[in-house]
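Data first, discussion second: the structure below is written as structure tokens.
The values are calculated or read from the model by the stated rules, or taken from the named source; none is laboratory data. Keep in mind that this is a model prediction, so the values were computed, not measured. Using ideal geometry, Cβ is built from the backbone for each residue, glycine included, and neighbour counts are taken over all protein chains shown. Each accessible area value is taken on the protein alone, full model and side chains, heavy atoms only, with ligands, DNA and RNA left out. Shrake-Rupley method; radii C 1.70, N 1.55, O 1.52, S 1.80 Å.
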Amino acid sequence: MSGITHFLLGLHGPVIYVIVAALVFGEAALFFGFVLPGETAIVVGGVLASQGRVSLPLLLTIVVVAAVVGDSVGYEIGRRYGPRLLETRAMRKYQGKVGRAQDMIRRRGPLAVFIGRFTALLRALMPALVGSSKMPYHRFLIFNMIGGVLWGTVFTLGGYYAGQAFEHTAKLVGRWAAIAVAIVIVIALVVWSIRKHRGETTGAGPAAEERLGDDPAGDDPAGDDPAADPAIGRALNETLTSEPAVASPDA
């Protein structure tokens with residue numbers, strides 16, 4: 001992911017719009033979200049806008065349109081090929097995540113589209129799963145547009161203001177010191193993004209919660225029986241098999 005970030009930072013001119021739009025569009029339409037979170041491209045695009053390499057308003061427009069259109073294409077793929085899509089190797093690999101996403105769609109309806117926009121793997125899965133659920137497109141589109149506008153604006157402006165902060169820091173403490181600070185921040189963000197994305201794709205968090213929530217003795221009928229403990233069982237056996245004490249005649 002750091003290699004892609006450096007590649008994007010080295011771009012100039014209209015090609016920046018094309019690359020950012022392609023990555024954002026492909027996240028849901030072509031399932032790029034399984035390997036690359038779209039917000040990475042958006043944040044880098046915002047940084048480039050702060051350097052004057054691209055227009056911020058035009059970049060914002062392209063990001064939002066690419067996000068909404070990409071999810072609409074993902075919806076159509078799910079509507080047409082839903083059952084077969086769920087049998088693909090990629091979907092089987094994330095079967096637990098797919099199941100939780102489908103449950104969210106059943107419980108939340110179109111609101112699940114908005115919620116899924118802010119989680120990397122769900123952003124790739126949700127449009128196709130909603131399409132396969134036969135939700136009416138107009139309901140999907142409303143929440144798709146709301147989520148796309150908010151998500152695209154937040155991450156684009158986040159990158160833009162981060163880039164401006166770098167330039168301001170460079171003027172105050174010197175460009176080399178600012179570059180050093182920026183490198184540390186970028187590395188930290190990349191590591192965090194990779195770990196977050198891996199956690200979402202493996203579903204380690206929810207799976208761990210499910211494992212912790214399961215009582216290993218829950219299905220064992222002897223789980224709540226004190227006699228199931230060996231020490232208690234031996235004590236009960238000794239009590240039952242020992243002869244009762246006989247009172248002395250002189251007592």
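A quick yes/no check of all residues on (1) open to solvent by less than 30 Å² (accessible area, probe 1.4 Å); (2) in a helix (DSSP H, G or I); (3) in contact with a Lys or Arg (Cβ under 6 Å, 6 or more places away or on another chain):
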residue: 77; (1), (2), (3): no, yes, no
residue: 84; (1), (2), (3): no, yes, no
residue: 98; (1), (2), (3): yes, yes, no
residue: 114; (1), (2), (3): no, yes, no
residue: 125; (1), (2), (3): yes, yes, no
residue: 135; (1), (2), (3): yes, no, no
residue: 144; (1), (2), (3): yes, yes, no
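Here's the yes/no breakdown for (1) among the aromatic types (Phe, Trp, Tyr); (2) exposed (fewer than 15 other Cβ atoms within 10 Å of the Cβ):
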| residue | (1), (2) |
| --- | --- |
| 63 | no, no |
| 89 | no, yes |
| 104 | no, no |
| 140 | yes, no |
Residue 56 being farther than 17 Å from residue 140 by Cβ, at pLDDT 90 or above and not small (Gly, Ala, Ser):
yes
Residues being without any contact (Cβ under 8 Å) to a residue 40 or more places away in the chain, within 21 Å of residue 84 (Cα to Cα) and of a type in the set (A, V, I, L, M): count how many of those fall in region 126-145.
1
